[in-house]
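Only the coordinates and a few stated rules stand behind these numbers; no lab work does. Only a predicted model underlies this, so the values are computations on that prediction, with no experimental measurement involved. When we count neighbours, we look across all protein chains shown, and the Cβ atoms used for this are built from the backbone with ideal geometry, even at glycine.
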Amino acid sequence: MSEAKTTIAADAVAIETAPSKPRAKAGKKKAGSGASGTAIMLVGLVLLFLGWALAVKYLDVPSYILPSPVAVWHALWSGLAVSPTSPLGYYLPLWGTLKNAFIGLAIGSGLGLTLGSLMAESRVIEKLLMPYAFALQSLPKVAIAPLVVIWFGFGDGSKIAIAALLAFFPMLINSFTGLRSVEPERIDLMRSLSASRFETYRIVKLPNAAPYIFAGLDMAVVYALLGTIVAEFLGAQQGMGVVITQAQAVTDVAGVFAALVILGAMGILLHGIVRGMEARIVHWGDRGRK
Amino acid sequence: MAALAQTQTIEPSAGPARDLIRIRNLEKTYSDGSVHALANINLDIKEGEFVCVVGPSGCGKSTLLRILAGLDDYDSGTVTLDGTPITGPSRDVGVVFQAANLLPWLTVRENVALPLRVGGKQKGQAEDIDRLLDVAGLKDFGHRYPYELSGGMQQRAGICRALVRSPRVLLMDEPFGALDALTRERMNLELQRIWQASRKTVMLITHSISEAIFLADRVVVMSARPGRVIRELEVPIPRPRSNDSIISHPSYPALAKEIRGLLNAQGDE
């Protein structure tokens, strides 16, 4: 049990302080695009699984250290090929985890955007809050998780709280940075029109910061999921974290792997949803910059 | 064009037009005290007049424009618009920025309509956006985004935006500086056409001597920093002017030579 905990916690410690830059879209299609890119990816995947299966078979790796891909597939299938309401399947725990992660994401990123906006607009609020933001940011937030469980209990509250805490910082830093990075000519334009502060925020600063905010959201989504799982490790009735700890308790390593595969797929899916939203909303891309 | 002319704010009365903008003993030093930007500027601009300001880089001509736009303050002197001191941005002043400065997340039409959406519910005339876009040759591009337009079209949209509140004064800060030479000549023709239709009072800043002579009723030459007005030259070439008629006019070579001489004496351009 402690092994799984340490791994996740170590990941969480690595959360960066620096705001992630909006992706540069130029040159995206240069390498590995289209059919040939997909083919390269598939060949790599096949080689990985082949190497894995052969290594397990011929190097005599015990299945409680590294199960074979086939064993993982069986575990995965037994969790997927059941009725959605079955307590043995992945559907109920996954739903529970995603729901809490999503509520935490909404609260955390909403607060991050709000406070980031206030800090970007007011030097006083910036001076007041920035030291705390950095202090909290440098703290490995997963280490606060046991405290959060004491405050919010073993129910959904502690999962939502930790997810919100982890989602908060990338949104705070990125929205602050994005809102401050507006071109001075655009501010001059709004000033020359006697625009109010709120009009300038809504019409110029917020859309200008959108690529930064989406980059923050992209991180926040993954962190919210991470936070929820960590909270579930500490104690929960249901959730993917519980699925992992239960499989671990009976040394069902294939079951742990299968649950990780599900979580990995969720991460990719959520990332894809955020990218899709960004492409729709920030349709002007980098073309708006000089 | 004819429709635009109806919205002009002055009666086309006979006799000399009165001064709309008056600048007296204007001084400006940037707040850290290191740059003396403008020194004792005196300049009058008549209602309906087209004035071009030329001067070496960094001579404070942009600062002068920003003061008239109400975007920068000044240290001493008086600057009045129709007798009222300029203390901040005004509905009577439209600004055309360098490089169009359109917002990429708004369509061309939304960009042009922006001045009508913001700045409170001040009373004032509003131009018909469709008519403005039509005059600027952008009728079919209203629903496009700025990045789908050429640089020249973007700047025409920028001019439409500056005109949409029907200001009395149009301030233009090197509006065509980022365009290639051919597009620039075409834009000068377009601007002359729009100006003749609307008869706004215009102050345009430029680096180009030929552009200044082509567009201006009067060319104002400024000195290197600290900026002073060193010469004002009337351009006696009749309108409408074309790129050909301008260089073949007998007064063109002397004018261009004089302006170039004044600028060269400043050790720039």
Cα lying deepest toward the dipole's positive end in the range B:103-167, options B:107, B:146, B:120, charges on Cβ:
B:120
Name the most mobile residue of A:99, A:141, A:127, meaning the one with the largest mean-square fluctuation, in a Gaussian network model of chain A with Cα contacts below 10 Å.
A:127
Scoring only Lys, Arg, Asp and Glu (+1, +1, -1, -1) among other residues with Cβ under 11 Å from the Cβ of residue A:243 yields -2
Towards the positive end of the charge dipole of the range A:24-164, with charges on Cβ (+1 Lys, Arg; -1 Asp, Glu), say which of A:89, A:151, A:47 has the farthest Cα.
A:47
Hey, could you grab the Kirkwood Rh for the protein assembly as shown? Inverse mean 1/r over distinct alpha carbon pairs, Å, one decimal.
28.2 Å
Under 14 Å from a point placed 7 Å out from the Cα of residue A:49 along the Cα-to-Cβ direction: which residues of the range A:73-103 have their backbone N that close?
A:73-77
Over chain A, what is the relative contact order in whole percent, taking alpha-carbon pairs under 8 Å and six or more residues apart?
27 percent
Counting only other residues whose beta carbon sits under 10 Å from that of residue B:163, what net charge do I get with K and R as +1, D and E as -1?
+2
Apply 1/(1 + (r/R0)^6) to the Cβ-Cβ distance of residue B:73 and residue A:183, taking R0 = 22 Å, and write down the FRET efficiency to the nearest 0.05.
0.50
Net charge, residue B:29 excluded, C-beta distance under 15 Å - Lys, Arg +1, Asp, Glu -1
-1
Testing the spin-label approximation: label points 7 Å from Cα along Cα→Cβ at residue A:91 and residue A:64. State their distance in nm.
3.4 nm
Can you give the log10 of the normalised intensity I(q)/I(0) at q = 0.13, 0.17, 0.20 Å⁻¹, computed with Debye over equal Cα scatterers of the range A:135-286?
-0.73, -1.00, -1.18
The Cα extents of the range B:103-167 along the principal axes, largest first and rounded to whole Å, are 34, 23, 16
Run the dipole for chain B about the Cα centre, Lys and Arg Cβ at +1, Asp and Glu Cβ at -1, nothing else charged, and hand back the magnitude in debye, nearest 20.
380 debye
Using the C-alpha atoms of chain B, what convex hull volume per residue, in cubic angstrom, is computed?
136 Å³
Is it possible to state the helix-based mean residue ellipticity at 222 nm for chain B, with each DSSP H run of 4+ residues giving -39500 (n - 2.57), the sum divided by total residues, to the nearest 500 deg cm²/dmol? What is it?
-9500 deg cm²/dmol
Per-residue Cβ counts within 10 Å, from other chains only, averaged over B:95-105: what number is that?
5
Which number do you get for Rg(Cα) / (2.2 N^0.38 Å) in the range B:196-244?
1.26
Full-extension gain between residue B:32 and residue B:245, please, as 0.36 nm times their residue separation minus the C-alpha to C-alpha distance.
71.9 nm
Sort A:195-202, A:112-119, A:275-282, B:185-192 by packing, meaning the average of other beta carbons within 10 Å per residue, with the highest value first.
A:112-119, B:185-192, A:195-202, A:275-282
Going by C-beta contacts inside 10 Å, put A:58, B:147, A:212 in order with the fewest on the left.
A:58, B:147, A:212
Cα centroid of the range A:223-290 to Cα centroid of the range A:69-132, whole Å
7 Å
